[in-house]
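Reading through the structure tokens given below for one structure.
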Amino acid sequence: YGSLYNHNNPANMRFEANGQEDIMYYFAAQDIMKDEELTVNYNASNGQPVSENDNWFKMQGITPIVD
């Protein structure tokens, strides 16, 4: 389901990849309220919910929309 999660920085989830099993694991990085959107940080290659840059978007030629 990882491809269904939108980006946020900070995100409310973190992820870990298991290359031996070809599996991605997703974990809550904070309390998540009922009906709250689940998000991951696209920029965090290490799966952490916070990153200091928006390189993923720059590489894709995308300007993130900030509320």
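The values are calculated or read from the model by the stated rules, or taken from the named source; none is laboratory data. Because the structure is a prediction, the values reported are computed rather than measured. Here the Cβ positions follow ideal geometry from the backbone for every residue, glycine too, while neighbour counts run over all protein chains shown. Side chains included, ligands, DNA and RNA excluded: accessible areas come from the protein's heavy atoms. Shrake-Rupley method; radii C 1.70, N 1.55, O 1.52, S 1.80 Å.
Here is a yes/no grid of residues against (1) in a helix (DSSP H, G or I); (2) not aromatic (Phe, Trp, Tyr):
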site	(1), (2)
Ala11	no, yes
Arg14	no, yes
Tyr25	no, no
Glu37	no, yes
Tyr42	no, no
Asn46	no, yes
Trp56	yes, no
Met59	yes, yes
Thr63	no, yes
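Inside segment 31-45, can you point out the residues that are under 19 Å from Leu4 (Cα atoms) and of a type outside the set (Ser, Thr, Tyr)?
Across segment 31-45, the qualifying residues are Ile32, Met33, Lys34, Asp35, Glu36, Glu37, Leu38, Val40, Asn41, Asn43, Ala44.
What are the residue pairs meeting all of these: first residue in segment 50-64, first residue open to solvent by 80 Å² or more (accessible area, probe 1.4 Å), second residue among the aliphatic types (A, V, I, L, M), Cβ atoms under 7 Å, and 6 or more apart or on different chains?
Close Cβ pairs satisfying both conditions: none exist.
Those residues that are open to solvent by less than 60 Å² (accessible area, probe 1.4 Å) and at pLDDT 95 or above, I need them from segment 12-36; list them, please.
Asn12, Met13, Ala29, Ile32
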